[in-house]
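Let me begin by presenting the structure, written as structure tokens, before commenting on it.
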Amino acid sequence: MHDCIFCKIVVGEVPSEKVYEDDDTLAFLDISPITKGHVLVITKKHYKDLLETPSSDLEKCILTIKKIAPKLLIALEADGFNIGLNNGEASGQVIKHIHFHIIPRYHNDNLRMWEGQSYQEGEMKDYGDKIRKFTIEL
Ligand code: AMP
Ligand code: ZN
């Protein structure tokens with residue numbers, strides 16, 4: 001058993017406001033919601049992050065998101081949602097157990113996501129080249 005709060009939520013050692021559960025995934029309310037009804041979807045097995053999670057479990061998370069998200073829209077009368085995943089501390093990942101955020105959104109919620117930057121002349125292609133060196137053979 002990992003010393004992991006989400007693993008403790010899975011086994012019921014830590015309380016949570018569960019909204020959906022199946023054999024492999026669990027969805028519960030984020031304790032500090034970006035908008036109210038913000039849901040976290042986790043695998044029941046412990047994996048540190050997206051890269052450590054086997055594809056089969058990732059698929060299960062996405063399928064759970066696809067099942068729940070339309071219900072959230074109805075239940076909360078939301079207009080849309082963001083799906084988020086923080087991978088690594090630099091991205092803001094605090095809990096080292098894979099979790100997707102489903103954040104209900106409203107036309108008038110006034111939430112602003114990140115600002116876009118701009119590329120200088122030629123820089124966008126340089127970035128493309130830099131990345132393609134590693135992705136092209138995938
Ligand atoms: P992240 O920054 O992606 O690691 O997000 C972790 C999320 O887990 C944050 O949004 C926290 O508010 C949420 N969180 C932490 N502890 C709990 C808990 N016991 N129950 C529900 N949500 C939690
Ligand atoms: Zn865990």
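The values are calculated or read from the model by the stated rules, or taken from the named source; none is laboratory data. The model shown is predicted, which means the values in this text are computed figures rather than measured ones. Note that we place each Cβ from the backbone using ideal geometry, even for glycine, and neighbour counts take in every protein chain shown. Heavy atoms of the whole protein, side chains included, go into the accessibility calculation; ligands, DNA and RNA do not. Shrake-Rupley method; radii C 1.70, N 1.55, O 1.52, S 1.80 Å.
Can you work out the FRET efficiency for the pair GLU21 and LEU138, with r the C-beta to C-beta distance and R0 = 41 Å, to the nearest 0.05? Kindly include the intermediate steps, with their values, before the conclusion.
Values: r = 34 Å, r/R0 = 0.84.
So the FRET efficiency works out to roughly 0.75.
Give me P(r) over region 64-138, computed from all C-alpha to C-alpha distances, binned every 5 Å, as integer percentages.
So the P(r) values, bin by bin, are 3, 11, 14, 12, 16, 17, 13, 9, 4, 0.
Taking C-beta distances below 4.7 angstrom as the pairing criterion, name the unpartnered cysteines of the chain, in sequence order.
So, CYS61.
With the other protein chains left in place, how much accessible area per residue, in square angstrom, belongs to region 5-113 at a 1.4 angstrom probe? Walk me through the numbers on the way to the answer.
Values: 6450 Å² over 109 residues.
Here the per-residue accessible area is 59 Å².
Please report, to two decimal places, log10 I(q)/I(0) for the chain at q = 0.09, 0.12, 0.13 Å⁻¹ as given by the Debye formula with identical point scatterers on the Cα atoms and no solvent.
Normalising to I(0) and taking log10 leaves -0.35, -0.59, -0.68.
Packing-wise, with mean Cβ within 10 Å as the measure, how do 89-96, 5-12 rank, highest first? Can you show the working numbers first?
Working: 89-96: 11.2, 5-12: 15.9.
In descending order of packing, they fall as 5-12, 89-96.
Name the residue from PHE6, TYR20, ASN108 whose Cα lies farthest towards the positive end of the charge dipole of the chain, charges +1 on Cβ of Lys and Arg and -1 on Cβ of Asp and Glu.
TYR20
Would you work out which of TYR127, GLY88, HIS99 lies farthest towards the positive end of the dipole of the chain, given +1 charges on the beta-carbon of Lys and Arg and -1 on that of Asp and Glu, about the Cα centre?
Sorting the options by dipole projection puts first HIS99.
Note the full-extension length gain between ILE95 and HIS107 as 0.36 nm times their separation in residues minus their Cα-Cα distance, in nm to one decimal.
1.4 nm
Can you give me the % of accessible surface on region 47-130 that is carbon or sulfur? Probe 1.4 Å, all protein chains present, nothing else counted.
Values: 3310 of 6080 Å².
Reported share for carbon and sulfur atoms: 54 percent.
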